[in-house]
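Accompanying notes for the structure given below.
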Amino acid sequence: MRIIAGDFRGKALASVGKGDAAAHLRPTTDRVRESLFNTLLGGRYGDPVTGARVLDLFAGTGALGLEALSRGAAAACFVDDGRKAQALVAENIRLCRAGNRARLLRRDATRLPENTEAPYDLVFLDPPYGKGLGEKALAAALAGGWIAPEALIVFEDSAPAAPPGFGAIGEKRYGDTHITFLEPAP
């Protein structure tokens, strides 16, 4: 895995290795990440990346949030409760020298505390597939003030649907990867 474009372009990220089945690590491939960011920056959604505050829930390796930082996001908060994922995110933040714009929150994404900072404009959500964890995490993030009213949410799951409080505004399929673009309901 590597960063595709921007300030960290070509930077190799820490390897998942053989992975940890219990950790449910399933990193978004370079090809899917490149296509996703081409979609995000292709005009339909304006430019949701430049200057954005990014929330990366179920961060895994942190590749999505780091790609956003590389492409001009102002800050990123990575949330994961898995020890393997936390180690990978911390190492990847170090490798990209992004520590001044990145924060690792070692928590369960479905049990977020009240947010004490500005809300986030761009939210990446890549939970373990088919367990309903994404919907729970979005509900917790919305209730805790983590999501800005005009935020764009990028929700990857086997068949994500818009949970209560959100509306679907688009979707893309990349092979087995299904991504739904959401916005908070008014």
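Yes or no, residue by residue, for (1) of a type in the set (A, V, I, L, M, F, W, C); (2) surrounded by fewer than 18 Cβ atoms within 10 Å (Cβ to Cβ); (3) assigned to a helix (DSSP H, G or I):
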residue	(1), (2), (3)
F37	yes, no, yes
G65	no, no, yes
K84	no, no, yes
L88	yes, no, yes
L112	yes, no, no
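Yes/no matrix, rows are residues, columns are (1) among the small types (G, A, S); (2) at pLDDT 95 or above:
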{"position": "Y120", "(1), (2)": "no, yes"}
{"position": "F124", "(1), (2)": "no, yes"}
{"position": "Y129", "(1), (2)": "no, no"}
{"position": "G145", "(1), (2)": "yes, yes"}
{"position": "A148", "(1), (2)": "yes, yes"}
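Scanning the range 80-138 for residues that are more than 13 Å from F155 (Cα to Cα) and among the β-branched types (V, I, T) returns V89, I93, T110, T116. Contact annotation: residue pairs with Cβ atoms under 8 Å, 6 or more positions apart or on different chains, pairing a residue in the range 1-21 that is farther than 14 Å from L66 by Cβ with a partner that is at pLDDT below 80 and surrounded by 13 or more Cβ atoms within 10 Å (Cβ to Cβ), are V16/L25; V16/P27; G19/L25. For beta carbons closer than 7 Å, sequence separation of 6+ or different chains, a first residue in the range 29-57 that is at positive phi and in contact (Cβ under 8 Å) with a residue 12 or more places away in the chain and a second that is basic (K, R) and surrounded by fewer than 15 Cβ atoms within 10 Å (Cβ to Cβ), there are no qualifying pairs. The numbered conditions (1) outside any helix (DSSP H, G or I); (2) at pLDDT below 85 are all true for T50 except (2).
The values are calculated or read from the model by the stated rules, or taken from the named source; none is laboratory data. A quick note: this is a predicted structure, and the numbers were derived from the prediction, not measured. Virtual Cβ from ideal backbone geometry, glycine too; neighbours counted across all protein chains shown.
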